[in-house]
1. List the residue pairs whose Cβ atoms are under 9 Å apart, where the first residue sits in region 152-175 and is in contact (Cβ under 8 Å) with a residue 60 or more places away in the chain, the second is surrounded by fewer than 16 Cβ atoms within 10 Å (Cβ to Cβ) and of a type in the set (S, T, N, Q), and the two are 6 or more positions apart or on different chains.
2. What single numbered condition from (1) over 18 Å from Asp364 (Cα atoms); (2) exposed (fewer than 15 other Cβ atoms within 10 Å of the Cβ) fails to hold for Phe329?
3. Could you tell me which numbered condition Ala203 fails, if it satisfies all but one of (1) in contact with a Lys or Arg (Cβ under 8 Å, 6 or more places away or on another chain); (2) modelled with pLDDT under 95; (3) not β-branched (Val, Ile, Thr)?
4. Only helices (runs of 4 or more DSSP H) wholly contained in region 256-319 count here; list those with 3 or more residues that are out of contact with any Pro (no Cβ under 6 Å at 6 or more places or on another chain) and more than 30 Å from Pro156 (Cβ to Cβ).
5. Tally the residues that are more than 14 Å from Asn153 (Cα to Cα) and surrounded by 16 or more Cβ atoms within 10 Å (Cβ to Cβ), restricting the search to region 220-230.
6. Consider Ile304 carefully, then state whether it is closer than 30 Å to Pro407 by Cβ, among the β-branched types (Val, Ile, Thr) and either surrounded by 21 or more Cβ atoms within 10 Å (Cβ to Cβ) or in contact with a Ser or Thr (Cβ under 7 Å, 6 or more places away or on another chain) (or both).
7. Determine which member of the set Thr210, Thr187, Thr196 is farther than 14 Å from Ile264 by Cβ and either touching a residue at least 24 places away in the same chain (Cβ under 8 Å) or not assigned by TED's automatic domain parsing to the domain that holds Ser256 (or both).
8. Quick one: which helices (runs of 4 or more DSSP H) sit completely within region 370-468 and have at least 3 residues that are at pLDDT 95 or above and either under 26 Å from the mean Cα position of the chain (by Cα) or more than 30 Å from Asp134 (Cβ to Cβ) (or both)?
Amino acid sequence: MRNCNWQGPMAQWLSRHWSRRTGGPAAELVNQPSNIGEAAGLLEGVKVLDLTHYLAGPYCTKLLSSLGAEVVKVERPGGDPMRRFGPLVSTMTLRQAEVQTRDSSDPDDGNDAGAWFLYLNTSKKSLTLDLKSDKGRDIARQLAASSDIVVENFAPGAMNKLGLGYEELRKTNPALVMTSISNYGQTGPYRDWKATEINLYAAGGLMNITGEPDMPPLKEGAPLAQLGAGQVAFAATMGALMYAEETGEGQHIDVSIAEYATNILENALMQYSYSGIEFTRVGNRGYGRAAWGIYPCQDGYVGIIAGPDTRWPAVAEIMEREELADPRFESRNGRMINADEVDALMLPWLLDHDKVDIFKAGQDRGLGFAYVATMQDILDMEQLNARDYFVELGDPDQGGLMYPGAPMKLFINGDGDRSLSPRPGKGQVGWVYRSAPSLGQHTEETLSGRLGINESEISGLRSLGVLG
């Protein structure tokens, strides 16, 4: 793709996609308005029907919408339950223009919005639709017929019961890409089993290797299994879209959240396959050895990675403890055998220093030190701010919200040379960020613009409860 550092088939496809959808060369992308919410995205022109709720599915479609795809999120009349999942954020932080567009009958009108919902649904459009009604399902089928992608995370079999299964939808849209995300997959003896994040993290095997030795397994802090499965679904959907645009043939993608968790078991499963030895929990002492894990310090916690072995003498220099230079500690095996002694020698110095100072001291000597960042640390982090990572959405006068920015950047060639550097003011080029929609905010716009349904018909559908 000209003017970007993406290489290979995906970059070539994006260039063709941009030209096909917009009628202009891919290079024009960098000349689009840089104001957040107005800039063009890499997936400009792609239409997505979002039939997801909670976490995994909405994260997949969030990545699509942030890349500029038009994502229409179909919500039940009461809204995605994540709207009410705390912590809650006052709607006063939303853009005033968006607050003013709320329908007075909107059950969320004037209430707080869940932070999870605001994060997972940026740049999407909201359409309230009762899929239990014949007319609601008919509208969904019409939208699918004019969409490039459908993403759903209902229980396996539910889409077929609604008459919205892949085989049905592809009759009118052979190039349709449908991505289905479920707990255990669309087939198999577990396909109909219920699960929450803790079940999926446990069933996938990750919980078995998380925690302290000789203590019960622990859950993770974030919903890793679901968010990771959403990322996998996004990548698979992009690949299928690329294939569909080139061949006219769609695909049905089956993503199992539990299988994703098993897929990132590090070497635990392979170790057991080869040797029959279980991967044991080691807690914060990585791989059971000292100077490889999380340790307390003066103002929080730091990550000490004392490798490779040739750099171990630098640890003794940093921590000003000659005892740490003892030959017994020079190898990984030696530090494992003498782990308690090594930790005892390091701890006084760690407790006497700040986490950022420790982090930089290690990095200055080529050691992979880190620190455990708080949320304020992240917002203040010089590296992230230097790369224009954060995005502020909402009305600045009322107090906007800071959001994580693009997970990857498009770098622009400078002044015709081959060096790659970010162009000033283009920190989010190729990405589109808007505040999450209010419930049903785009119902009329979508039905009239996409399906040609007039105002009178929309009013009738509302009175029947089809639109909530």
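The values are calculated or read from the model by the stated rules, or taken from the named source; none is laboratory data. All figures in this text were calculated on a predicted structure; none of them were measured in a lab. Glycine also receives a Cβ, built like all others from the backbone with ideal geometry; neighbour counts cover every protein chain displayed.
1. Within 9 Å, the pairs are Tyr166/Asn160; Asn173/Ser146; Ala175/Thr247.
2. Condition not satisfied by Phe329: (2).
3. (1)
4. Values: elements: 257-263, 268-275, 312-318.
The qualifying helices (runs of 4 or more DSSP H) are 268-275, 312-318.
5. Taking region 220-230 first, the residues more than 14 Å from Asn153 (Cα to Cα) are 220-225, 228.
Within this subset, residues satisfying the condition of being surrounded by 16 or more Cβ atoms within 10 Å (Cβ to Cβ) are 223-225, 228.
Here the count works out to 4.
6. Details: closer than 30 Å to Pro407 by Cβ: yes; among the β-branched types (Val, Ile, Thr): yes; either surrounded by 21 or more Cβ atoms within 10 Å (Cβ to Cβ) or in contact with a Ser or Thr (Cβ under 7 Å, 6 or more places away or on another chain) (or both): yes.
Criteria met by Ile304.
7. Working: Thr210 fails: farther than 14 Å from Ile264 by Cβ; Thr196 fails: either touching a residue at least 24 places away in the same chain (Cβ under 8 Å) or not assigned by TED's automatic domain parsing to the domain that holds Ser256 (or both).
Unique residue meeting the criteria: Thr187.
8. Details: elements: 375-380, 382-386, 443-451, 455-463.
Helices (runs of 4 or more DSSP H) meeting the threshold: 375-380.
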